[in-house]
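Just so you know, all these numbers are worked out from the coordinates, no wet-lab data involved. Keep in mind the model is a prediction, meaning the values are calculated, not measured. Please note: Cβ atoms are built from the backbone with ideal geometry, for glycine as well, and neighbour counts cover all protein chains shown.
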Amino acid sequence: MISLDPAKAREYIDRIDRFRILVMGRANAGKTTILQRVCNTTDQPEIFNGKGEKVCMFRGICSRLMMCRARGEHNIEDELVFKSNPRFVFHDSRGFEAGSEGEFKMMKEFVMDRAKTTKLDKRIHAIWFCIPLNESHRMVTAAEKKFFDECDTGHVPVIVLLTKTDTLALDALLEVMGDDSDENDAVEWAADVEKRKLNECLVKVNSWLKELRYPPHDYLSLTGMQEEGADCTTLLTCTVNALSEEGLQQLLISTQQSNLGLCIEFAITK
């Protein structure tokens, strides 16, 4: 892991005006929805290539509904930007989860280069790795294990996000209904069962990944993301706390000036 001189890091940070995040995870993991909630929009992002030239717009990260690029033409270098909050730049890792060695190598080279470059305007500042719970039988696959065992992200924190958590609500309700409970009581008890199941998933994922060579910095379960206007304060706070440079923390906070709770919490802790 490289070390950046604090004075030089501060000088670089002062020249950065956009916070850059790599979002990872298999198809249909809810990534597009998370980015929309963070940027407070229902619109799709615009895509720009590494030169800043607009490529196209598409419907859904990792979906088959891409309007301009076919599956094999996806470029991790592309920048995804929402008009509602252009101070965020997102990259999508789509491809390596399918098991292609070539795509994994391309993703790894991008991550290691962008995580360690001293050109901080091109550096990724955080990585969100999405693991959907609607496939609880395979929460952590060989692809996830390969990433956390081989990809050294240096100073860049990786946060595992458990997504599609709403699927646990039905599982919980079916579990309590099976006890011949009154329907009203079952709904109330189901909420507690859902929390227990969610915690169990967190514990399992943590136990599977913590023994690997480059484990995640933190784990977070996201609930209610399917609702427009969902509160992303917990996600943003977790990301702020994971950053090692105060300048980068301030940069992330500056993208969320409308989030009074986050700004107040950051001001108090500092």
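Annotations
- Using R0 = 25 Å, the C-beta based FRET efficiency linking residue 41 and residue 171 works out to 0.25.
- The phi torsions of the stretch 206-219, fed into the Karplus equation with coefficients 6.51, -1.76 and 1.60 and a -60° offset, translate into couplings of 4, 5, 6, 9, 5, 8, 7, 5, 10, x, x, 6, 7, 10 Hz, rounded to whole numbers, with Gly and Pro shown as x.
- Proxy reagent accessibility, fewest Cβ within 10 Å first, across 84, 207, 221: 207, 84, 221
- In terms of other Cβ atoms within 10 Å, 208, 189 run from fewest to most in the order 208, 189.
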